[in-house]
Amino acid sequence: MIYSIGDSIISPLAMTSHGNFDAILRGESRLQYYEHAFGLPEPCFLSLFDEVRLDQSFSALWDYGTAGYTKMEKAAIIAASQAIEEANIAADRDNVIFILSTTKGNVDLLEENPYEPERVYLWRSAQLIAEFFDNPNTPVVVSNACISGCAAQITAANLLNAGRYQYAVVVGAETLSKFIVSGFQSFKALSKERCKPFDANRCGLNLGEAAAAIVYTTGSDFTQVPNNALILRAGAINNDANHISGPSRTGEGLLRSITKVTRGYDTSRITFINAHGTATPYNDDMESVAIYRAGLQDTPVNSLKGYFGHTLGAAGVLETILSHQALKHQTVIRSMGTDTPGTASPVNVVLQPQPTSGDAFMKLISGFGGSNAALLMEIKRNNESVKTQCIASLQREKTTISVISECKINDDSVILNGQTIITRTGESDNWMADIYHSIGMQYPKFFKMDNLCKAGTLAAELLLKDVDFDRETVKPDWAVVLMNQASSLDDDRHYQATIQDADNYYPSPAIFVYTLANIVTGEIAIRHKIGGESSFYVFPAFSSELVQKTIDQCFAANPELTQIICGWVDYDNGRCDVRMYLVQLTINN
Amino acid sequence: MEELILELKEGIIDVLNLEGMTPADIDENAPLFGEGLGLDSIDALELIVLMDKNYGIKLANAEQGKEIFKSVRVMAEYIQANRTK
């Protein structure tokens, strides 16, 4: 069982969890109209930090000025600091792990970088945040597009359940920039007015900045859990295996996640569903379909995007904390911005705050790469006996994890199961395409991909070349879990080139969609119809131990899994480094 | 018009990365979306960028694009009537 012992939200609205909760009960929001935010030609609605206030808060923690850290790092550090203080833990001990959830980190530095060159890497920000607290462990970066904040909490559960740490500090942080806003504009995903989640007239999302942190710990004795603590009962991640940017029309992946976290659970106990509710036509329709198909059409549903906008990597953490606050104060938060609900399937949108004495909620989230996640959370009430079996590491007695195939791709060669099968010829200037042709692949979509996706897709193709498996139906018992050090930086640089010059400003949606590292997991899931977990992590360097532990945790957390495509896939500064594996779990008789 | 159609086909092949295709492979009267070229919603967004970048035509949303991207010929006619560069 894992439960929270401290949390914090730093947002444009307020600088504490309580402050933010009080502000939203008053119906406040800092979403406002900007004619030319970040020098962009098109107007939009954004919720932005007051940097003076942010610097004041940061100065209270740090005596050496505010120049050494970026806005994203400062917000993350303030949030983590408050959560750690509330949890009353020694963050400098080696039994504490930091987990950073962010989609784009310091990507604005691609335009101009006054810091060291490594500062654009997500692992570097995570390292600086962990070092601020003198933490000795290599932090984990979860970069799973918009589901990152929920995925990071599931990662925390996996690491704590594996017994590797006593405490996990989960920090979600996102700040906005020309890069992010222009990309969403090129996707025609932004509303020019306040967003209207689940409304019949919704016309797109608003973006927002925030940082939020939760300290989780683990224990087996329910009576030790402090009253009002938030218990993470179950979490699930599932891929739609449908499209890299459009959600499944039938809500396949999200439905699988909901079904998984509610299995064996009395769903009438779920007080409300805190949905993703971005207010794009497709997302909210998809969520409504998944909720309806799960038989939860009468359960109250809210979205917090009307208060904060979509805070990307921070969203899953921020919205979990506020939903927890709501249960603590025995209320269901109203879905601000919803006027006339209207979605593909009917759902029970919360139009007015409602009193509740319930003790459970479900958090839903979905994002690019076809990823979806669900969390089932409970609040500990006074003197309550153990009602539920909480998320726990699976006690599998006799299982064997075996490597079925392995593929390495570097700048010179492709090695499959120890045999060099392709060697680069001297003058080749399109190595990825050479490999594609050489293995006789027929998949026109390949040429639309960025280099990272091409590398991962080629390796997956080779891993499965001689494997007998069901290629026709979506497989919930297969997962794709990958990691690297550069996230999507190679494609980020290409996208930056489309917006760098004001006189030649044509942000490319086809390039922007690949500026998320987890898209490679989505591409592989689509190609091979993989409907289980899809996750992406960022670390400073490859280590086989990291890959091994990640596989073990993934199998332990997902009893239904039999196969995982996993490993390292990196493409940075023209250099390719792939070490991917197909691993299989068998139960011994 | 025929010149514009050819130019447009070359532009589409380039921005949508239609590997191995030549202008002759695209029927200017056939639907661009649906079965034909296997294009999707991201391709439609990229065509909106192409209209702006090459011809100075700004389309507000993908819905508007649906009408205009019916076929290469419909696109060319729209460009001829509305281009600003």
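The values are calculated or read from the model by the stated rules, or taken from the named source; none is laboratory data. These numbers come from a predicted model, not from an experiment. When we count neighbours, we look across all protein chains shown, and the Cβ atoms used for this are built from the backbone with ideal geometry, even at glycine.
For the stretch B:57-77, a residue qualifies if it is more than 11 Å from chain A (Cβ to nearest Cβ) and of a type in the set (Gly, Ala, Ser), and the qualifying residues are B:Ser71, B:Ala76.
Kindly check whether there is at least one residue in the stretch A:362-379 that is at pLDDT below 95, assigned to a loop (DSSP other than H, G, I, E, B) and of a type outside the set (Phe, Trp, Tyr).
No, the stretch A:362-379 has no match at all.
In the stretch A:230-241, of all residues being among the small types (Gly, Ala, Ser) and closer than 18 Å to A:Asn161 by Cα, the one that is farthest from the other protein chains (Cβ to nearest Cβ) corresponds to A:Ala234. The helices (runs of 4 or more DSSP H) found wholly in the stretch A:242-322 and carrying at least 2 residues that are within 14 Å of another protein chain (Cβ to nearest Cβ) occupy A:281-293.
Of everything in the stretch A:500-539 that is in contact with a Pro (Cβ under 9 Å, 6 or more places away or on another chain), surrounded by fewer than 22 Cβ atoms within 10 Å (Cβ to Cβ) and not in a helix (DSSP H, G or I), the residue that is modelled with the lowest pLDDT is A:Tyr505. Considering the stretch A:547-587, and only residues there that are of a type in the set (Lys, Arg) and in a strand (DSSP E or B), the residue that is surrounded by the fewest Cβ atoms within 10 Å (Cβ to Cβ) turns out to be A:Arg575. Within the stretch B:24-56, being facing chain A (nearest Cβ under 10 Å) and not hydrophobic (A, V, I, L, M, F, W, C) holds for B:Gly38, B:Asp40, B:Ser41, B:Asp43, B:Glu46, B:Asp52, B:Lys53, B:Asn54.
Checking the stretch A:64-72 against the condition returns no match, with no residue being in the same structural domain as A:Gly163 (by TED's automatic domain parsing) and under 30 Å from A:Gln354 (Cα atoms).
If you filter the stretch B:1-21 down to residues that are within 14 Å of chain A (Cβ to nearest Cβ) and not in a helix (DSSP H, G or I), you find that the one that is farthest from B:Ala44 (Cα to Cα) is B:Gly20. Only residues that are within 14 Å of another protein chain (Cβ to nearest Cβ) and of a type outside the set (Gly, Ala, Ser) were counted in the stretch A:463-500, giving 5. So, of the residues in the stretch A:184-198 that are of a type in the set (Gly, Ala, Ser) and surrounded by fewer than 24 Cβ atoms within 10 Å (Cβ to Cβ), which turns out to be farthest from the other protein chains (Cβ to nearest Cβ)? Result: A:Ser191. Here A:Val474 meets each of (1) at pLDDT 95 or above; (2) touching a His at 6+ places or on another chain (Cβ under 8 Å) with one exception, condition (2). The criterion of being modelled with pLDDT of 95 or more, assigned by TED's automatic domain parsing to the domain that holds A:Ala557 and assigned to a strand (DSSP E or B) does not hold for A:Glu461. Looking across the stretch A:155-186 at every residue that is outside any helix (DSSP H, G or I) and touching a Leu at 6+ places or on another chain (Cβ under 6 Å), the one that is nearest to A:Thr217 (Cα to Cα) is identified as A:Ala168.
Does the stretch A:96-108 contain any residue that is part of a helix (DSSP H, G or I), within 21 Å of A:Ala541 (Cα to Cα) and β-branched (Val, Ile, Thr)? Checked against the condition, which is being part of a helix (DSSP H, G or I), within 21 Å of A:Ala541 (Cα to Cα) and β-branched (Val, Ile, Thr), the stretch A:96-108 yields at least one hit. A count restricted to the stretch A:501-517 and to residues that are closer than 17 Å to A:Ser534 by Cβ and within 12 Å of chain B (Cβ to nearest Cβ) stands at 2. Quick check: is even one residue across the stretch A:199-214 within 14 Å of chain B (Cβ to nearest Cβ), farther than 30 Å from A:Leu159 by Cα and in a helix (DSSP H, G or I)? Scanning the stretch A:199-214, I find no residue that is within 14 Å of chain B (Cβ to nearest Cβ), farther than 30 Å from A:Leu159 by Cα and in a helix (DSSP H, G or I), so the answer is no. Among the listed residues A:Asn348, A:Asn372, identify the single one that is surrounded by fewer than 24 Cβ atoms within 10 Å (Cβ to Cβ) and of a type in the set (S, T, N, Q). Exactly one residue qualifies, and that residue is A:Asn348.
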